[in-house]
Amino acid sequence: MGDPDFVQQDFQRRLREIPPQGMGLSVDVYSPDLFVLVNKLRERGLQPGYLEVFKATTTALTTVRQAVPDIPLAYHGEGLWITQPDVRESPFFQQDVGEMVTQLNSIQSLWLNHECAMKQMAGYSFGTYVPPLYTRLSAEVVAENIVTVQQAMDRQGRRGDGTAPLFLLEMPPLTYFSAGTIPIPHFFRLVTALVPCGLVLDIGHLWTVYRYTGACRRTSLERFVREFLDEFPLERVVEIHVAGLACHESVDESEGGEGLPEWIDAHAAPIPSILFTMLEQVLAHSNLVSLRAVALEVDTKPIEMIVEEYAETVRRFSLLVQQTMARETAVEQLMGLAPRPASVQEPVCQSDRQQLRDAYARYAQIISGQAPMTGPEWQEVAAEATGVARYRTSYVPHEILHWGGDLAEMFPQTCRTLAERGICLTEFVSFWFRSPRLITHSYDFFLLKIERFLEFVTERAPDAQVYAEKESDILRQAYAQANEVVEPVMELERAR
Ligand SMILES: [Fe+2]
């Protein structure tokens, strides 16, 4: 594997090309409307130091770049499942990386932020992020895949000044459980020893690690954060995220009773004050020497709440963030260091790759309720099985039936017909996870839902197939239109 000293120096060389951005917002182009939001902030005398924009169409991103020429932009990617041992063999990977580079260039992005998580594994698909297996082998595979993406950015990703965007790996949230054999901070230390990537530390995600790894039963939050930060490669953290947390709508808040709420990552929800206490603790840590930016992650949040939270956060933290960004590591050793392509010297061997592929197939089957918890990665989870049970029995069915498109609303006539035949929609959940599927296009949960539901109806109620086909045609057409027609710049002009 790569020489750790060189990897660290290569990271620092890349980091020097990223100027401090200060405090900003991580946003979606459409939800809420970005231009209305920027105008509302300006009315309050607030100008974000930067905007991190979630993946959208290239046209929409180009429009954003033109409409706010005075605000630096960064890119929040999606759909590159770098946790997966076979991702590079996927026929869509090159295409997805190519599109991502085009989008990075279209907004002149400083970095590519991507979750260390996936929504597809071993032929099984989910609607929201699932964390990686926290194992040594999994860390090596993540590192190898990051190298491939960074090399593509080095080749084709160019900003005006000729520098390439940096890969930033975000520690994902836990949704009730975490599987693996090594501690989470150790996993990220293994990755950063192998590749010169930066990291994004999301404070709310860190809270979920406290909540769902059992740490909350052993120690205080303050002590957990201190010990976590001492282990985590904090010197690689380039950006910090702060976002809302909330109980999932499928969970009855009166249940639980362990003291701490069963919060999960929820960008539309208010940011709980405990996250700002944690943020203070993180900013005060002396290993945080590469920080360039702090963003509130506010996609899907009401605009009034964003403006209030941002104003308050700037008031409370901007000086502290400026001081933290001014910290430097010694850079004299960088003198004379020539740029070198990112590389991992020893590729993960085929048998290890196959072993991890099998572990991910088992992972998908376990969390969807199709298989019992077996294997070393699941020992700790099995010992305290309520978290994974919550995921299997509430979260996953909700995701398949309601999240990202409610089936009863998408297919009203078909669903009525199924009900008349006595077919319960919950049967669709086990149908969805019954067997792995050949992936036939780039990840899109909405289109996947339509495709799988058509198959379900064809198998279970062939006489309702005609309705399902008619309704899916309408859905697909409307979806294609919605993805093409939106012209956000018009909004900006109107709002001004
Ligand atoms: Fe985040």
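Please turn the phi angles of segment 467-474 into ³J(HN,Hα) values with the Karplus equation 6.51 cos²θ - 1.76 cosθ + 1.60 (θ = phi - 60°), one per residue in order, whole Hz, x for glycine and proline.
5, 4, 5, 4, 5, 6, 4, 4
Between residue 300 and residues 5 or more places away or on another chain, which pairs have amide H atoms under 5 Å apart, with H built 1.01 Å from N, and which residues are they?
Correct list: 28, 31.
Can you give the net charge of the other residues whose Cβ lies under 11 Å from the Cβ of residue 240, counting K and R as +1 and D and E as -1?
Within the 11 Å Cβ shell, the charges total -3.
Among residues other than residue 477 whose Cβ falls under 12 Å from its Cβ, what is the net charge (Lys/Arg +1, Asp/Glu -1)?
Taking every Cβ under 12 Å from that of residue 477, the sum is -1.
In deg cm²/dmol and to the nearest 500, what is the mean residue ellipticity at 222 nm of the chain if only DSSP H runs of at least 4 residues count, each as -39500 (n - 2.57), divided by the residue total?
Theoretical 222 nm ellipticity from helices: -14500 deg cm²/dmol.
Once the cut-off is 17 Å, how many percent of the Cα-Cα pairs in segment 1-141 end up in the long-distance tail?
Tail of P(r) above 17 Å: 68 percent of Cα pairs.
Can you put 226, 42 in order of accessible area, largest first, using a 1.4 Å probe?
Largest to smallest exposure gives the sequence 226, 42.
Cα centroids of segment 394-441 and segment 306-328: how far apart, whole angstrom?
The two parts, judged by their Cα centres, are 44 Å apart.
Express the C-alpha Rg of segment 86-183 as a ratio against the empirical globular expectation 2.2 N^0.38 Å, rounded to two decimals.
Cα Rg divided by the expected 2.2 N^0.38 Å: 1.16.
So if R0 is 45 Å, what FRET efficiency would residue 350 and residue 260 give, r being the distance between their Cβ atoms, rounded to the nearest 0.05?
0.55
Which ³J(HN,Hα) values, rounded to whole Hz and listed in residue order, are derived for segment 59-71 from phi using the Karplus coefficients 6.51, -1.76 and 1.60 in 6.51 cos²θ - 1.76 cosθ + 1.60 with θ = phi - 60°, glycine and proline given as x?
4, 4, 5, 4, 4, 4, 4, 6, 7, 10, x, 8, 10
Once the Cα atoms of the chain are picked out, what are the Rg and Dmax in Å?
22.5, 75
When the Karplus curve 6.51 cos²θ - 1.76 cosθ + 1.60 is applied with θ = phi - 60°, which whole-Hz ³J(HN,Hα) does each residue of segment 422-432 get, with x for Gly and Pro?
Working through the residues one at a time gives x, 9, 8, 4, 4, 5, 5, 5, 5, 4, 4 Hz.
Could you tally the net charge around residue 224, taking each other residue with its Cβ under 13 Å from the Cβ of residue 224, Lys/Arg +1 and Asp/Glu -1?
Cβ neighbours under 13 Å give a net charge of +1.
Would you grab the residues whose amide H sits under 5 Å from the one on residue 115? Only those 5+ places off in sequence or on another chain, please, with H modelled 1.01 Å from N.
170
The values are calculated or read from the model by the stated rules, or taken from the named source; none is laboratory data. Note that the structure is predicted; figures quoted are calculated from it, not measured. Note that we place each Cβ from the backbone using ideal geometry, even for glycine, and neighbour counts take in every protein chain shown. For the accessible areas, the whole protein counts, side chains as well, though only heavy atoms, and no ligand, DNA or RNA atoms are used. Shrake-Rupley method; radii C 1.70, N 1.55, O 1.52, S 1.80 Å.
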